[in-house]
């Protein structure tokens, strides 16, 4: 009987010293169970053999044959020895050579039939394999993500030990039999065995489908439970119906039907008696702020308070000015709270909030600082929600004596399939219209041949009073990578424009106060051209900016490019986005041309998912969901739909009947809510 269990730390396995343990930790492997869940990222199919005659130079193939001689050992020089022998099949002969592996001379003998897997070298008609693998011949072999300190051999050894534990019955299936049968899923132990060492391609595909189903199912089920808890929790219930037309009539524009729908969705939430957890998702410039303002108006007129948290001081100031203008006609007093205020200003704002004289607080992280207290906080709004962590949003909600309603807003469009996984615990309202009068941003992809023309356009636009962004991927020049840098570009551009306009650099290494000052100067028009890294991706609303130049566009995802492009086109002026491509393959050019073809953020998000996968979106995810280890949202939509249906069928009674299922869900909930 094995001395190991799935909970055995890898440090207790012989051969796993400190360096290897550190390498395994980087892969997320601390126990044998972790090794079991470290799935192969590709496979080498050694069930298909190639004749020696057909073996192509450079191909990785499996050759079989009879060993023609006992292996010959030779010492070449210090640090180099060889084991060499010939093997033949019906179509020809090939040579096998092992370097610095003297023990291999005892592995083979004349007349033995063997199979070897390796890269073919064909030279002058002779075929040879260097250091080929020969074990587990005639199988589909797993290849794992590894590190320099952890070889494939080490990982295989750990997986085999973990699978021994599975054979002894340590791995119990957490899915009810009714779900396994309904969706034709493999039992968990069989799926785990075949994801690591598939008996054949058919079982490999079935094993993968089962594990993909599991990933989706438990994420969706945990989010469903979380959502039902939110739905059942009581919150401020606003009385009766409100005539939002009264608010809309005083706005300097006519709301779109999409904005009005989003307000109606949120109003139904806050009058239901249950806690609102709603995401308002809309493209750059679609008018999400107005939706928040309408809800704030409703809450404040009912005698409660609201808080609006923005990611930067400049954006907080802009929202403060806008919301004050919209809400002051109704007698709603607004205060600003940000880090750059002096002690007296902060103290006055906090006093007004504590007494209830101020109904709305607009600010940055200062809203969650110690000493900020509310009289009766009933609504929290988080702008650009991906810039805040769960802990920060939770800290803002904790400022309310009761559980306040929560509205989060995002200008990062998420593909429908991905939204199910990322935002499954939130109700979602989508604003899919732009306000009337907005002109479409003209987008082009160009190269260095047009550099002079672009510089002239910068000078021309600044000459008529417009402002310009220039985005660079690097802060300073690199000796190893060809990228435009902020510091070099700003100096060069200032020289080219010969003092005709003010150019200023902006980047993440600057102190917060300096960054805020530069952004404020650009917003006020004191800076004509802002040469920046992606720190301006959100938090900048400058209607006078009419051109954005993006250098090395191939280095950005489409959704990030869309956010950057959204820095212009926010006023009445025709705006432009010019992208320079500094390199990349045919796929890169195709991706950037797809971006030029549309300004629809949701279409761009779908394209980004196809081209780059879900990584960029998951970087914006703000709860503790695990990374998808095996599921691929680009190709597993059908399994996602099945898992969604299965998760939707699980009731509290189901969880009571199946304790293993409940344990697994609770473990995931603990992670999400940590």
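The values are calculated or read from the model by the stated rules, or taken from the named source; none is laboratory data. Keep in mind that what you see is a predicted model, and the values were worked out from it rather than measured. In this analysis, Cβ positions are derived from the backbone assuming ideal geometry, glycine residues included, and neighbour counts consider all displayed protein chains.
Details
- Going through (1) more than 24 Å from residue 364 (Cα to Cα); (2) in contact (Cβ under 8 Å) with a residue 24 or more places away in the chain one by one, residue 243 falls short only on (2).
- Within segment 302-318, tally of residues that are crowded, with 24+ Cβ neighbours inside 10 Å, at pLDDT 85 or above and assigned to a helix (DSSP H, G or I): 1
- Residue match in segment 321-333 (condition: touching a strand residue (DSSP E or B) at 6+ places or on another chain (Cβ under 6 Å) and either surrounded by fewer than 17 Cβ atoms within 10 Å (Cβ to Cβ) or farther than 24 Å from residue 375 by Cβ (or both)): yes
- Qualifying residue in segment 450-470 (condition: in a loop (DSSP other than H, G, I, E, B), in contact with a helix residue (DSSP H, G or I) (Cβ under 6 Å, 6 or more places away or on another chain), over 28 Å from residue 281 (Cα atoms) and at pLDDT 90 or above): no
- From 468, 462, residue being more than 34 Å from the chain's Cα centre (by Cα), crowded, with 20+ Cβ neighbours inside 10 Å and assigned by TED's automatic domain parsing to the domain that holds residue 566: 462
- Meets criteria (assigned to a helix (DSSP H, G or I), touching a helix residue (DSSP H, G or I) at 6+ places or on another chain (Cβ under 9 Å), modelled with pLDDT under 95 and outside the structural domain of residue 21 (by TED's automatic domain parsing)) for residue 222: yes
- Residues (in contact with a strand residue (DSSP E or B) (Cβ under 8 Å, 6 or more places away or on another chain) and assigned to a helix (DSSP H, G or I)) located in segment 510-529: 515, 518, 519, 521, 522
- Any hit, segment 187-194, residues being in contact (Cβ under 8 Å) with a residue 60 or more places away in the chain and either assigned by TED's automatic domain parsing to the domain that holds residue 17 or within 28 Å of residue 663 (Cβ to Cβ) (or both): yes
- Within segment 244-268, tally of residues that are closer than 14 Å to residue 294 by Cβ and at pLDDT below 90: 1
- Taken residue by residue, segment 140-154 has at least one member that is at pLDDT below 90, crowded, with 17+ Cβ neighbours inside 10 Å and more than 27 Å from residue 5 (Cβ to Cβ).
- Subset of segment 265-284 [outside any strand (DSSP E or B) and in contact (Cβ under 8 Å) with a residue 12 or more places away in the chain]: 265, 266, 267, 269, 270, 271, 272, 273, 275, 276, 283, 284
- Output for segment 2-27, where each listed residue is modelled with pLDDT of 90 or more and under 18 Å from residue 192 (Cβ atoms): 5, 6, 7, 8, 10, 27
- Taken over segment 491-512, the criterion of being modelled with pLDDT under 90 and under 18 Å from residue 544 (Cβ atoms) is satisfied by 497, 500, 501.
- Of the residues making up segment 436-449, those that are touching a helix residue (DSSP H, G or I) at 6+ places or on another chain (Cβ under 7 Å) and either surrounded by 18 or more Cβ atoms within 10 Å (Cβ to Cβ) or on the phi > 0 side of the Ramachandran plot (or both) are 441, 443.
- The residues in segment 160-182 that are under 24 Å from residue 221 (Cβ atoms), within 32 Å of the chain's Cα centre (by Cα) and either assigned by TED's automatic domain parsing to the domain that holds residue 7 or not in a helix (DSSP H, G or I) (or both) can be counted, and the count is 6.
- Filtered residue count, segment 554-598, keeping only those that are crowded, with 20+ Cβ neighbours inside 10 Å, assigned to a loop (DSSP other than H, G, I, E, B) and over 21 Å from the mean Cα position of the chain (by Cα): 4
- Near pairs, Cβ below 8 angstrom, 6+ apart or cross-chain, from segment 652-674 (closer than 17 Å to residue 223 by Cα) to any residue that is surrounded by fewer than 11 Cβ atoms within 10 Å (Cβ to Cβ) and at pLDDT 85 or above: 662/656
- Apart from one condition, residue 353 fits all of (1) at pLDDT 90 or above; (2) out of contact with any strand residue (DSSP E or B) (no Cβ under 9 Å at 6 or more places or on another chain); the exception is (2).
- Residues located in segment 513-556, provided they are on the phi > 0 side of the Ramachandran plot and at pLDDT 90 or above: 525, 552
- Flag if residue 322 is within 34 Å of the chain's Cα centre (by Cα) and at pLDDT below 90: no
- Members of segment 29-68 found to be surrounded by 13 or more Cβ atoms within 10 Å (Cβ to Cβ) and without any contact (Cβ under 8 Å) to a residue 24 or more places away in the chain, listed by number: 30, 50
- Scanning segment 488-509 for residues that are surrounded by fewer than 16 Cβ atoms within 10 Å (Cβ to Cβ), free of Cβ contacts under 8 Å to residues at least 40 places away in the same chain and part of a helix (DSSP H, G or I) yields 491, 492, 495.
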